[in-house]
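The values are calculated or read from the model by the stated rules, or taken from the named source; none is laboratory data. Quick caveat, the model's predicted, so the values are computed rather than measured. As a convention, Cβ positions derive from the backbone with ideal geometry for all residues, glycine included, and neighbour counts pool all protein chains shown. With ligands, DNA and RNA removed, areas are computed over all heavy atoms of the protein, side chains included. Shrake-Rupley method; radii C 1.70, N 1.55, O 1.52, S 1.80 Å.
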Amino acid sequence: MDSYAQMLAALKKTNAMERFARLYGHREGELARQLTRYSRLVKAHEDYFHAGAQPLYLVSAPGRTEIIGNHTDHNNGRVLAAAVNLDCVACVSPRADGMVHIHSEGFPVIELSLNDLDKHEDEEGTSAALVRGVAFKMQEKGFQVGGFDAAITSDVLGGSGLSSSAAYEVLICAILDTLYNGFTMDSTLRAQISQFAENEYFGKPSGLMDQMASSTGGMVTIDFKAEPQVQPLSFGFNEAGYSLVVVNTGGSHDNLTPEYAAVRSEMQAVANFFGESVLRKVRPEQFWQNIGALRDKVGERAILRAMHFFAENERVKNMVQAVRLNDLGAMFENVIASGESSWMLLQNIYPAGGHQQLSLALAMAAAMLKGKGAWRVHGGGFAGTTLNFVPNEMVDEFVQRMEAVFGDRSCFVLDVRPEGAAIVLSTKE
């Protein structure tokens, strides 16, 4: 039996269904959907690469939802985030020649050699840069890297705030770790390597939260003050009678890198005023005592964004305490306060010269969920998605009303995924 027949047979066995249930939940029809999705991916790899007897691996990395901690990680703040049951999945086999061939559904084919791991300026902003950057940093850290053939599919919507780029970076790191290191890498290092690739090779100044949530899995609170301190948390929104509903308002993050870079650089400009590199090193009382002088040096928007940072850091602490006490009311109070701070102080709702679909979605959610749930901008902002905590009995109505405005399939009813990057199945003995 060749590897393809072996993998297709394995997908129909009980252990595969158990893996799917753990990663994707138990919603009606979900296991059948994943079986179809994975089977098509295996067949796509066969059509593209004809690996024959080479071992096959199915590797997955999830998207993430940011519960609270909006735009704090890049200045060493605190966040609360969770992996979700939307993911980027690869069917992959090793190559002996150092070449990487990737067929990603809906994207151009990638071909590159890992014998050359230097940064290529002409690759900036491309998936090839992420692959080369991950491989460079892994090798620098003492891990083995090598060639591979991969067919990839993803239901983490690109440019939507669910962190499709982080899922892709973490997936590439997990592929190389699986094929050449026995999947032994620590989840924090995997996230740091992925962030390096995005920052230095791709050219986007992201923080570490997205990669950490994707790499680690579950719900986690992360303190970035020095080395990232990751603490898992346990809370079931569904068990509490609520669903996480992400609304895609139709905007994309793809051309908004300057907007995100300005958030980070303006916060750092405030820190630089006090002789520090990041805001986390500045005492809040120092900041408040010097707003007049700051105004002349960095401008009003930078000050407002710093106000958001200091308040949001405290909200994360309060939110973590509420989660540990199962205090749903306090949790929603903090989520709403975070969203309002992002809207008013951080100002990541309106892109320059752009539309106001995010503010429309937030206003609709506030009207429907007032006194019943919570709502906030999701992820980086400026475009993309909102995150809503909706009573289970209201989910159908909420989705129907949102999709009447933002289009069919604009809503995702999500679960928290307990695993981060993972080997789902393999044919290796």
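Quick look at the numbers
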{"quantity": "Accessible area in square angstrom per residue, the range 295-429, 1.4 angstrom probe", "calculated": "45 Å²"}
{"quantity": "Carbon/sulfur fraction of accessible area - the chain, other protein chains in place, 1.4 Å, %", "calculated": "48 percent"}
{"quantity": "Accessible area per residue in Å² at 1.4 Å probe, computed on the range 122-175", "calculated": "28 Å²"}
{"quantity": "With all protein chains modelled, accessible area of T249 [1.4 Å, Å²]", "calculated": "10 Å²"}
{"quantity": "The range 144-217-the range 1-59 distance, computed between alpha-carbon centres (Å)", "calculated": "21 Å"}
{"quantity": "Rounded Å value of the spacing that divides the Cα centres of the range 326-387 and the range 261-302", "calculated": "25 Å"}
{"quantity": "The chain, helix-only ellipticity at 222 nm - DSSP H runs n ≥ 4, -39,500 (n - 2.57), divided by all residues, nearest 500", "calculated": "-13500 deg cm²/dmol"}
{"quantity": "Projected-area average for the range 284-429 over all orientations - Cα convex hull basis, square nanometres", "calculated": "14.1 nm²"}
{"quantity": "Virtual spin-label span in nm between Q229 and V405, 7 Å along Cα→Cβ", "calculated": "4.0 nm"}
{"quantity": "Nearest-10 value in Å² for the accessible area of I102, using the 1.4 Å probe", "calculated": "0 Å²"}
{"quantity": "Cα gyration tensor category, rounded, prolate or oblate, for the range 127-246 with a/c compared to 1.5", "calculated": "prolate"}
{"quantity": "Average projection area in nm² (convex hull over Cα atoms of the range 240-367, one quarter of hull surface)", "calculated": "9.6 nm²"}
{"quantity": "Subset of K141/K204; K204/K428; K12/K137; K141/K281; K43/K428; K297/K317 violating a 25 Å alpha-carbon distance limit", "calculated": "K204/K428; K12/K137; K141/K281; K297/K317"}
{"quantity": "DSSP beta bridges in the chain [antiparallel fraction, %, rounded to 5]", "calculated": "90 percent"}
{"quantity": "With DNA, RNA and ligands ignored, accessible area of D186 (1.4 Å probe; Å², nearest 10)", "calculated": "90 Å²"}
{"quantity": "Cα radius of gyration and Dmax for the chain (Å)", "calculated": "21.6, 74"}
{"quantity": "List E397, E333, E266, ordered by accessible area with a 1.4 Å probe, largest first", "calculated": "E333, E397, E266"}
{"quantity": "Protection-proxy order for peptides 406-418, 384-396, each taking the mean of Cβ atoms within 10 Å per residue, highest first", "calculated": "384-396, 406-418"}
{"quantity": "Cα shape, the range 43-119, gyration tensor, a/c 1.5 rule", "calculated": "prolate"}
